[in-house]
Amino acid sequence: TIDRLSGRRVTRVLGNHPGVRAMLLEPAVGASAGAPGAIALWCEDQESTTFELYLGNTQISRVDIFGNHTPIEPELISDLEIPVHRIELTREPVFLEGVDTTLVSFLAALRLTPDTLATTGDLHETFINIENPWPVPIRGAVFIVEPGGYANPDAQIDRSWRISPRKIAFRLDPGQSRQYPVTVAFSLAEEAGPKRLVMDAELIAERDHGIVRTDQPLNVGFPGIDLDVSVQRAKGADGVEFVAVDLVVTNRRAEAISFDLVGVAPARPRERTTVADLAPGEIAARTLAFEYGPDLHDARIAISLVLPNDEGRLNKSIEID
């Protein structure tokens, strides 16, 4: 660890991989010219995962806590043959040596803000942030390829997501940063939860980097309202088997909220219940029941939390075992 950290400082925390703690290490002031950069990373919220990011066209090595070096070659993904490095992670920290820290800084700063979009059916005014960490001007274009199905040329296009513009041309002077406006809209039927925003960048800096790809978490839902859904099968007093969908709603807003909870199962009547004036910090628990049958095996039940006056809805679904 002393060898890895000596003469280096943490310059950026890479936040595009949920559950992964990743820190960019760059040479400290006074370090020898040409000193290499690195990334220290490990799993925080799970036992194992895969870290994916293009780290540059130099030789990348994975170094474990015992000092063992394993070369990591980039893989080419999609029909566009975009390079990416894939590293399997556990809770045991590792170091990635040989990293192009300037390129990684550019990709880490390439973000959509805000990264949480409410399911209201409205147009969302957002911004793509682009920074130039090089000592030379840079130019190119950023393409927002997901959501939407544009990550692969032969993929089916998902037109329920409307993002404009999907291509943002840029030119930035050394050290300059800029926010480019982007409008985002999606169907009211879109399920709440984490999505992935994927961006491809055609980049010319100190050299032509070709196309590089990065992504970030994109959350869809209502700020301040949590909906947890679980399902179980049971039998009633009359011996009829049914599916019970348990719903727990938490109000983290500063004001009371009222809403309907609507459940839809294949070939079953729609079920609905209402919660009125749920106070801030309070929790409401409700259950929607559907008669079970073989046609529901492996089927999904759709749940919607609907706010009054067309304020929007929060959609989730759950599979029946």
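The values are calculated or read from the model by the stated rules, or taken from the named source; none is laboratory data. On a predicted model such as this, the values are computed, not experimentally measured, just so you know. Reconstructed Cβ throughout: ideal geometry from the backbone, glycine too, with neighbour counts over all protein chains shown. What goes into the accessible areas is simple: the full protein's heavy atoms, side chains included, and nothing from ligands, DNA or RNA. Shrake-Rupley method; radii C 1.70, N 1.55, O 1.52, S 1.80 Å.
Residues are listed down the side, and each one gets a yes or a no for (1) part of a strand (DSSP E or B); (2) at positive phi:
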site	(1), (2)
GLY67	no, yes
LEU76	yes, no
HIS85	yes, no
SER105	no, no
ASP122	no, no
GLY140	yes, yes
ILE157	no, no
ILE163	yes, no
ALA169	yes, no
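Return the residues of segment 70-85 that are surrounded by 11 or more Cβ atoms within 10 Å (Cβ to Cβ) and not acidic (Asp, Glu); say none if nothing qualifies.
THR70, ILE72, PRO74, ILE77, SER78, LEU80, ILE82, PRO83, VAL84, HIS85
With (1) farther than 30 Å from GLU271 by Cβ; (2) modelled with pLDDT under 90 as the list, and GLY221 as the residue in question, which single condition is left unmet?
(1)
Pairs please, first residue from segment 1-14 and closer than 20 Å to ILE65 by Cβ and in a strand (DSSP E or B), second anywhere and modelled with pLDDT under 85 and open to solvent by less than 50 Å² (accessible area, probe 1.4 Å), Cβ atoms under 9 Å, 6+ apart in sequence or on different chains.
ARG8/PRO27; ARG8/ALA28; ARG8/ALA31; ARG8/ALA35
Output the residues belonging to segment 244-254 that are of a type in the set (A, V, I, L, M), under 16 Å from LYS316 (Cβ atoms) and open to solvent by 30 Å² or more (accessible area, probe 1.4 Å).
The one that is of a type in the set (A, V, I, L, M), under 16 Å from LYS316 (Cβ atoms) and open to solvent by 30 Å² or more (accessible area, probe 1.4 Å): VAL248.
Restricting the search to segment 227-243, which residues are more than 13 Å from GLY293 (Cα to Cα), open to solvent by less than 50 Å² (accessible area, probe 1.4 Å) and touching a residue at least 24 places away in the same chain (Cβ under 8 Å)?
If the condition is that a residue be more than 13 Å from GLY293 (Cα to Cα), open to solvent by less than 50 Å² (accessible area, probe 1.4 Å) and touching a residue at least 24 places away in the same chain (Cβ under 8 Å), then LEU227, VAL229, VAL231 are the ones that fit.
Take the residues in segment 176-194 that are at pLDDT below 95 and more than 18 Å from the chain's Cα centre (by Cα); name whichever of them is nearest to ASN132 (Cα to Cα).
Per the criteria, the residue is SER187.
So which residues in segment 263-305 are part of a strand (DSSP E or B) and open to solvent by less than 30 Å² (accessible area, probe 1.4 Å), if there are any at all? Give the derivation first.
Narrowing segment 263-305 to residues part of a strand (DSSP E or B): 263-264, 271-278, 283-291, 300-305.
Listed by number, the residues that qualify are GLY263, VAL275, LEU278, ALA284, LEU288, PHE290, ILE301, ILE303, SER304, LEU305.
Is segment 19-30 home to any residue that is touching a residue at least 60 places away in the same chain (Cβ under 8 Å), open to solvent by less than 70 Å² (accessible area, probe 1.4 Å), part of a loop (DSSP other than H, G, I, E, B) and more than 18 Å from ARG4 (Cβ to Cβ)?
no
Assuming THR214 fulfils every condition listed in (1) touching a helix residue (DSSP H, G or I) at 6+ places or on another chain (Cβ under 7 Å); (2) part of a loop (DSSP other than H, G, I, E, B); (3) surrounded by 19 or more Cβ atoms within 10 Å (Cβ to Cβ) apart from one, which condition is it?
Evaluating THR214 over (1) touching a helix residue (DSSP H, G or I) at 6+ places or on another chain (Cβ under 7 Å); (2) part of a loop (DSSP other than H, G, I, E, B); (3) surrounded by 19 or more Cβ atoms within 10 Å (Cβ to Cβ) leaves (2) as the failure.
If you go through segment 217-250, how many residues are in contact with a strand residue (DSSP E or B) (Cβ under 9 Å, 6 or more places away or on another chain) and in a loop (DSSP other than H, G, I, E, B)?
6
With respect to THR126, is the statement that it is surrounded by fewer than 18 Cβ atoms within 10 Å (Cβ to Cβ) and either out of contact with any helix residue (DSSP H, G or I) (no Cβ under 6 Å at 6 or more places or on another chain) or farther than 27 Å from THR183 by Cα (or both) true?
Working: surrounded by fewer than 18 Cβ atoms within 10 Å (Cβ to Cβ): no; either out of contact with any helix residue (DSSP H, G or I) (no Cβ under 6 Å at 6 or more places or on another chain) or farther than 27 Å from THR183 by Cα (or both): yes.
The answer is no for THR126.
Mind checking which residues of segment 35-65 are part of a loop (DSSP other than H, G, I, E, B) and of a type in the set (Val, Ile, Thr)?
Within segment 35-65, THR58, ILE65 qualify.
Mind counting the residues in segment 171-211 that are in contact (Cβ under 8 Å) with a residue 60 or more places away in the chain, part of a loop (DSSP other than H, G, I, E, B) and open to solvent by 50 Å² or more (accessible area, probe 1.4 Å)?
3
Answer with yes or no whether ASP310 is open to solvent by 90 Å² or more (accessible area, probe 1.4 Å) and either modelled with pLDDT under 95 or over 14 Å from GLY224 (Cα atoms) (or both).
Values: open to solvent by 90 Å² or more (accessible area, probe 1.4 Å): yes; either modelled with pLDDT under 95 or over 14 Å from GLY224 (Cα atoms) (or both): yes.
Criteria met by ASP310.
Looking only at segment 103-117, which residues are surrounded by fewer than 20 Cβ atoms within 10 Å (Cβ to Cβ) and touching a Pro at 6+ places or on another chain (Cβ under 8 Å)?
ALA109, ASP115, THR116
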